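First the structure, in the form of structure tokens, and then the observations on it.
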Amino acid sequence: MRAFFHPDQSLHDPQQFMQVGRIREPKDLPSRTEALLGALRQRGIATEQPSDYGTAPALTIHTQSYLDFLESAYERWRQVPEAGPEVLPNVSPYWNGRPDMAHRRPCRSNWIVAEAGYYLGDMAVPIGPNTWLSALRSNHTAVAAADAVIAGEAASYALCRPSGHHARADRATGFCYLNNSATAAERLRQRFGKVAVLDVDAHHGDGTQEIFYRRNDVLTVSIHVDPNSYYPYYIGYADELGEGQGEGCNVNLPLAPKSNDAAFHQAVDRALDKVREFGAEALVVALGYDSHREDPIGLLDVSTAGFRGIGERIGAAGLPTVIVQEGGYQISVIGDCLGEFLDGLMTR
């Protein structure tokens, strides 16, 4: 197995985010990467630094206007009188969320405060001085892992930070700025006719779902806490099946809070049945550890050892696989979760 990581990904250092009406201490800490790198070292897996791909891969998923905003937002924000230390929105447009639309038109106002409300979907995506660089390097990491599989590697791991699966084509939310899993899937399409994305993060992969919702060449399957009581709340329900040509190519498997290893493994089995029925030739796994019972913002009851069972099932599917790191915020356990997952995966 090959693994990829760029040290610039650790530069993003958020100072705040909003949760239930309070400004909280950040959860996506740079130290998350050290825990995961340690798990790789314990298994003799060296990380490779990805090449600089520029913005071309991200532009296969995201709009130019959105990338321009991310790249310029912090410097423009610094020019606003009395602005806080990071870019955060205090206004937001109304949009009806039509599933037949891939993205919105560019923001009509070019004032940074207006664009912050347009392109940042919540108060969990602060933009600081290094956010754009870290997000871009995270995206490059996913591309490098996809390229390794295209070149014949059976499985590769992209240690992406910041995460990506909540990012829409033109909006950042939920600690996510560029959708790394979607970019990896699109990259795999250069070789493979059908690609599946299996998201096993505790949160629904809403950005990934919306990006591919109208397509029949990429299957999106997400296992997550029932959004009736968990972020992202407004999307991720079982009746969301795809739109137009993509009808039937989106599968959501919501779990009740406190679901344990057995329930999660059953959902993975169901998800992989859907992947086989779809005829996927390659797989992207959006891997998060916030389903762990100790996660500070999690609601599930998955044990550390439970991640081995997830890895075993995915490995047994026998597909060329790109693993893209998503969430997981209990730093004391995430390294062990990754280790268990990889040990299970590599038993195939």
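Quick note: the coordinates plus some simple rules give every number you see, no bench work behind them. Predicted model only: the values in this text are computed from it and were never measured. Glycine gets a Cβ as well: all are built from the backbone with ideal geometry, and neighbour counts include every protein chain shown.
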**Item:** For the stretch 132-177 and the stretch 246-273, distance of Cα centres in Å
**Value:** 23 Å
**Message:** Of the candidates PRO254, PRO14, PRO81, which one comes out as most mobile in a Gaussian network treatment of the chain with C-alpha springs shorter than 10 Å?
**Reply:** PRO81
**Request:** Show that you can apply the helix-only estimate: for the chain, add -39,500 (n - 2.57) for every DSSP H stretch of four or more residues, divide by all residues, and state [θ] at 222 nm to the nearest 500.
**Result:** -10500 deg cm²/dmol
**Prompt:** For ASP100, ASP301, what ranking results if the residue with the fewest other Cβ atoms within 10 Å of its Cβ goes first?
**Reply:** ASP100, ASP301
**Prompt:** Which order results if TRP111, TRP77 are arranged by neighbouring Cβ count within 10 Å, fewest first?
**Reply:** TRP111, TRP77
**Request:** Mind giving me the nanometre distance, one decimal, between the label points for ASP52 and ALA238, set 7 Å out from Cα along Cα→Cβ?
**Result:** 5.0 nm
**Item:** Fully extended contour minus Cα-Cα distance, from GLN245 to ARG276, at 0.36 nm per residue
**Value:** 9.3 nm
**Item:** Fully extended contour minus Cα-Cα distance, from VAL91 to ARG41, at 0.36 nm per residue
**Value:** 13.6 nm
**Beta bridges per DSSP with both ends in the chain, % antiparallel, nearest 5** = 15 percent
**Asked** Ranking CYS337, CYS249 by Cβ neighbours within 10 Å, fewest first, what do you get?
**Response** CYS249, CYS337
**Request:** May I ask you to list the aspartates and glutamates whose Cα is less than 17 Å away from that of LYS258, ignoring any residue fewer than eight positions away on the same chain?
**Result:** ASP201, ASP226, ASP290, GLU294, ASP295, ASP301
**Complete:** With +1 on the Cβ of every Lys and Arg and -1 on the Cβ of every Asp and Glu, the dipole magnitude of the chain about its Cα centre, in debye rounded to the nearest 20, is 320 debye
**Item:** Burial ranking of peptide ranges 137-149, 60-72, 220-232, 263-275 (average Cβ count within 10 Å, highest at the top)
**Value:** 137-149, 220-232, 60-72, 263-275
**Item:** FRET efficiency, 1/(1 + (r/R0)^6) with R0 22 Å, evaluated for GLU34 and GLU71 via beta carbons
**Value:** 0.25
**Fill in**
Straight-line reach check, LYS194, cutoff 17 Å on alpha carbons, 8 or more apart in-chain or any other chain, hits among lysines -> LYS274
**Asked** By per-residue mean of other Cβ atoms within 10 Å, what is the highest-first order of 18-25, 302-309, 176-183?
**Response** 176-183, 302-309, 18-25
**Prompt:** What residues of the stretch 295-326 lie in the reach of a label at HIS265, counting those whose backbone N is under 19 Å from a point 7 Å from the Cα along Cα→Cβ?
**Reply:** 300-318
**Asked** Peptides 37-50, 123-136, 317-330: what's the order by average Cβ count within 10 Å, highest mean first?
**Response** 317-330, 123-136, 37-50
**Within-12-Å neighbourhood charge of ARG189 [Cβ basis; K, R +1; D, E -1]** = +1
**Request:** Return a whole-number percent for the relative contact order of the stretch 9-101, with Cα pairs under 8 Å and 6 or more residues apart as the contact set.
**Result:** 15 percent
